[in-house]
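Contents: one structure, followed by commentary.
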Amino acid sequence: MWILYFLPKKWLSFWIGKLVHLKLPRPLATWSILAFANRYKIRLDEAEKSVSEYQSIGDFFVRRLKPGIRPISESPLVHPADSRISQIGVIQEGQCIQAKGKTYSLEKLCGDQALAKLFQQGLFVTYYLCPTDYHRVHSPVDGEINRAIHIPGHLWPVNAWSTENIEDLFAVNERVVVQMESRLGPCLLIFVGATNVGQIRLRFDPSMVTNICSSPKQGQTQTYTPALPVQKGEELGAFHMGSTVVMVYPKTIATQREDWQDFSGKSVKLGESFL
């Protein structure tokens, strides 16, 4: 893994992205997708379309699910993605846990000191999406989207080795911060890119696309006036391989229970109740 320190990870990820999204002749595309799905034990019966309708591995990777296959709980707060909760806890002195013995700054993660102050003693939840998972991310609350902040950065992997060895991993990788307001209070949904493609696309703002593209919004903040209404379970964006989502909630959520650590290591599905 130490070779990663020397590899040009952003350019490598960019060209891998080009490769996996290369449109192939139909039989070859179907064969490669089936091989990919078999390798990662992906449930083909949950995909919106049949395998033969996808044009590349990249096209299949960002597949949508069949309607209704992930029912959205009536709970006011749900999980935003199919994933595993790798870390969870109360934000202490502005720090979130990355791995055992390692923390990172919320201010550095979201790139805004005033925004970070809104979540003092709040709750952070780190969701890791592995290649097996569905890679679209949805709103965990009913509310409004106020801002989207693109923060350019590195594209380290987000696997266990990286979280244990790379300082401030989530705060140095390329990311998009989505700021929302809900009846539960303010919350942040942070898409964190990673090696291999590393591209993030927002459904509500198609012009904001990460990782070496020609978008004029690279490294910029987009404020939405009026704010964009969003419903719980509504799609916010997608990862084109390699992904982690960090959710940040206010103190009012953090104080609702004391056993948050019981969620650590738990696999969850989009739309399942969290509160």
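The values are calculated or read from the model by the stated rules, or taken from the named source; none is laboratory data. It should be emphasised that the depicted structure is a prediction, and the values quoted were computed from it without experimental measurement. Positions of Cβ are generated from backbone atoms using ideal geometry, with glycine treated the same way; all protein chains shown enter the neighbour counts.
Overview of values
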| read-out | value |
| --- | --- |
| Filter result (more than 23 Å from residue 163 (Cβ to Cβ), of a type in the set (Lys, Arg) and at pLDDT 95 or above) within the range 234-275 | 251 |
| Candidate set: the range 21-52, residues that are outside any loop (DSSP other than H, G, I, E, B) and among the basic types (Lys, Arg); chosen: the one farthest from residue 270 (Cα to Cα) | 26 |
| Residue within the range 137-154 that is among the hydroxyl-bearing types (Ser, Thr, Tyr), under 19 Å from the mean Cα position of the chain (by Cα), closer than 24 Å to residue 270 by Cα and part of a loop (DSSP other than H, G, I, E, B) present | yes |
| Meets criteria (aliphatic (A, V, I, L, M), closer than 24 Å to residue 269 by Cα and modelled with pLDDT of 95 or more) for residue 158 | no |
| Only one of 81, 47, 37, 29 that is among the small types (Gly, Ala, Ser), modelled with pLDDT of 95 or more and over 29 Å from residue 163 (Cβ atoms) | 47 |
| Options 228, 236: the member that is in a strand (DSSP E or B) and either touching a Cys at 6+ places or on another chain (Cβ under 7 Å) or buried (at least 22 other Cβ atoms within 10 Å of the Cβ) (or both) | 236 |
| Residue identified as touching a helix residue (DSSP H, G or I) at 6+ places or on another chain (Cβ under 6 Å) and in contact (Cβ under 8 Å) with a residue 12 or more places away in the chain among 171, 194 | 171 |
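Yes/no per residue for (1) of a type in the set (A, V, I, L, M, F, W, C); (2) more than 22 Å from residue 257 (Cα to Cα); (3) in the same structural domain as residue 47 (by TED's automatic domain parsing):
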position: 95; (1), (2), (3): no, no, no
position: 102; (1), (2), (3): no, yes, no
position: 117; (1), (2), (3): no, no, no
position: 132; (1), (2), (3): no, yes, no
position: 138; (1), (2), (3): no, yes, no
position: 145; (1), (2), (3): yes, yes, no
position: 150; (1), (2), (3): no, yes, no
